[in-house]
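Shown next, in structure tokens, is the structure this report addresses.
The values are calculated or read from the model by the stated rules, or taken from the named source; none is laboratory data. Note that this is a predicted model, so its numbers are computed, not measured. Please note: Cβ atoms are built from the backbone with ideal geometry, for glycine as well, and neighbour counts cover all protein chains shown. With ligands, DNA and RNA removed, areas are computed over all heavy atoms of the protein, side chains included. Shrake-Rupley method; radii C 1.70, N 1.55, O 1.52, S 1.80 Å.
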Amino acid sequence: MADARTTRLTTRLAAGASRAVDSPHFTRAVFVLIAANAVLLGAETYSGVVAAWLPLLKTAEYLFLAAFTAEILLRLAAHADRPAAFFRDPWNLFDLAVVTGAFLPFLRENTTVLRLLRLARVLRAARFLPQLRVVIVAVGKSLPGTLSFLLVGGLLLYVYAMVGWTFFADDDPEHFGSLGRAALTLFLLITLDGLGDAVRTGLEISRWTILYFASFVLFGSFLLVNLLIGVVIGSLDEARREAEDDRDPPRPPSVPAEPLPLPLLRARIAAARTALDEAERALTQAAPASATGPPGERVAG
């Protein structure tokens with residue numbers, strides 16, 4: 001009896017909290033809190049504002065912490081009847097870590113870590129912006145492809161850095177005096193920063209250096225960067241499709257109707273034939289009458 005009463009109370013609590021959490025007013029209120037928290041963090045970067053309003057800023061921070069704590073407790077209450085579902089959502093785990101981290105003593109004593117935790121609250125705005133959430137999911141999905149891109153890019157950078165060190169170390173030690181300097185120079189060239197100066201310096205050494213720089217820019221700036229863009233765009237399309245599937249879940253396939261028994265099927269066919277015969281007789285009887293027309297009227301012909 002007590003278990004049944006507890007179950008009913010839990011279900012009622014979850015239903016009431018779910019209505020509150022799913023309300024658009026609740027979503028707007030949390031988003032406004034996150035935006036106000038971001039403004040507060042920005043104000044604390046000005047020493048004059050901190051000196052003049054320090055007590056008010058501390059009070060506002062405690063109020064924000066209390067509001068975010070109440071929000072996460074309400075979300076937990078909405079999953080009171082199914083707590084495992086709360087922990088399966090990555091956004092819930094992120095929110096819980098950000099809020100509970102502010103209460104841990106060893107984190108509160110570290111000002112830098114506490115400030116980063118407060119900054120992480122701003123990232124929670126992505127939960128309430130569907131398009132931004134799609135972008136974040138796409139970035140996560142593109143990580144495997146990005147790692148492959150980094151491996152290929154690192155290999156290309158290493159090969160060209162060694163070639164550059166071999167040919168230009170004596171004439172241009174400032175940019176190619178070691179493997180590290182050559183790699184840094186070429187990494188900047190991927191962004192096309194200083195490409196003109198590098199080409200001019202190379203032409204003073206030999207006119208064949210134009211092949212070195214042209215091939216590196218072709219592979220590094222154009223080919224690799226376009227490959228990275230392709231990986232990100234592919235992940236973005238996949239994340240967008242998943243978001244659309246979450247909004248519009250696929251309908252269950254329709255169950256095919258069971259075949260009719262053979263006697264019933266024969267009876268229906270016979271009834272259909274009888275109806276067709278009667279319709280044909282009615283048409284046959286109506287045809288002569290329409291041809292002769294009404295009495296006293298002359299038939300054209």
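What net charge is computed for the residues neighbouring A15, neighbours being all others with C-beta under 13 Å from the C-beta of A15, Lys and Arg scored +1, Asp and Glu -1?
Charge balance near A15 sits at +2.
Short version: ³J(HN,Hα) in whole Hz for each residue of the range 29-34, in order, from phi by Karplus 6.51 cos²θ - 1.76 cosθ + 1.60 (θ = phi - 60°), x for Gly and Pro, what are they?
In residue order, the calculated couplings are 5, 5, 5, 5, 4, 5 Hz.
How much net charge surrounds T209 when only other residues with a Cβ under 14 Å from its Cβ are counted (Lys, Arg +1; Asp, Glu -1)?
-3
Quick one: net charge around D81, please, counting Lys, Arg +1 and Asp, Glu -1 for every other residue with C-beta under 12 Å from its C-beta.
Neighbour charge sum, excluding D81 itself: +3.
Please compute the per residue accessible area over the chain with all protein chains in place, 1.4 Å probe, rounded to a whole number of Å².
Roughly 69 Å² per residue, with all protein chains present.
On a 1.4 Å probe surface of the protein chains, which of E242, E204, E280 comes out largest in accessible area, and what is the full order?
I get E204, E280, E242, largest accessible area first.
Residue by residue through the range 172-185, what is 3J(HN,Hα) from phi via Karplus (6.51 cos²θ - 1.76 cosθ + 1.60, θ = phi - 60°)? Round to whole Hz and write x for glycine and proline.
9, x, 5, 9, 10, x, 8, 4, x, 5, 5, 5, 5, 4
By how many degrees, between 0 and 90 and to the nearest 10, does the Cα long axis of helix 2-21 differ from the longest principal axis of the chain?
80
Can you give the helix-only mean residue ellipticity at 222 nm for the chain, where every DSSP H stretch with n ≥ 4 adds -39500 (n - 2.57) and the sum goes over all residues, rounded to the nearest 500 deg cm²/dmol?
It lands at -26000 deg cm²/dmol.
Helix 90-101 against the longest principal axis of the chain: what's the angle in degrees, Cα atoms only, rounded to the nearest 10?
The two axes meet at around 40 degrees.
Tell me the label only: which of (1) 1.93; (2) 1.53; (3) 1.13 is Cα Rg over 2.2 N^0.38 Å as calculated from this structure?
Recomputing Cα Rg over 2.2 N^0.38 Å here picks out (1).
For helix 225-247, report the angle its Cα long axis makes with the longest principal axis of the Cα atoms of the chain; keep it between 0 and 90° and round to the nearest 10°.
Roughly 40 degrees between the two axes.
Over the chain, what percent of the accessible surface lies on carbon and sulfur atoms, probe 1.4 Å?
Of the solvent-accessible surface of the chain, carbon and sulfur hold 68 percent.
DSSP loop trypsin sites (Lys or Arg not before Pro) in the range 111-165 with at most 10 other Cβ atoms within 10 Å of their Cβ, which ones?
none
Which whole-number percent gives the relative contact order of the chain, counting Cα pairs below 8 Å spaced six or more residues apart?
Relative contact order here is 15 percent.
Kindly report, to the nearest 10 Å², the accessible surface of S47 as traced by a 1.4 Å probe over protein heavy atoms only.
Counting only protein heavy atoms, the figure is 100 Å².
Starting from the range 38-125, pick out the chymotrypsin sites (Phe, Trp or Tyr not before Pro) whose DSSP state is loop and whose Cβ has at most 15 other Cβ atoms within 10 Å.
Of the chymotrypsin sites (Phe, Trp or Tyr not before Pro), the ones in loops of the range 38-125 whose Cβ has at most 15 other Cβ atoms within 10 Å are Y46, F103.
Heads up, I need the accessible area for T166: 1.4 angstrom probe, whole protein in place, Å², nearest 10.
90
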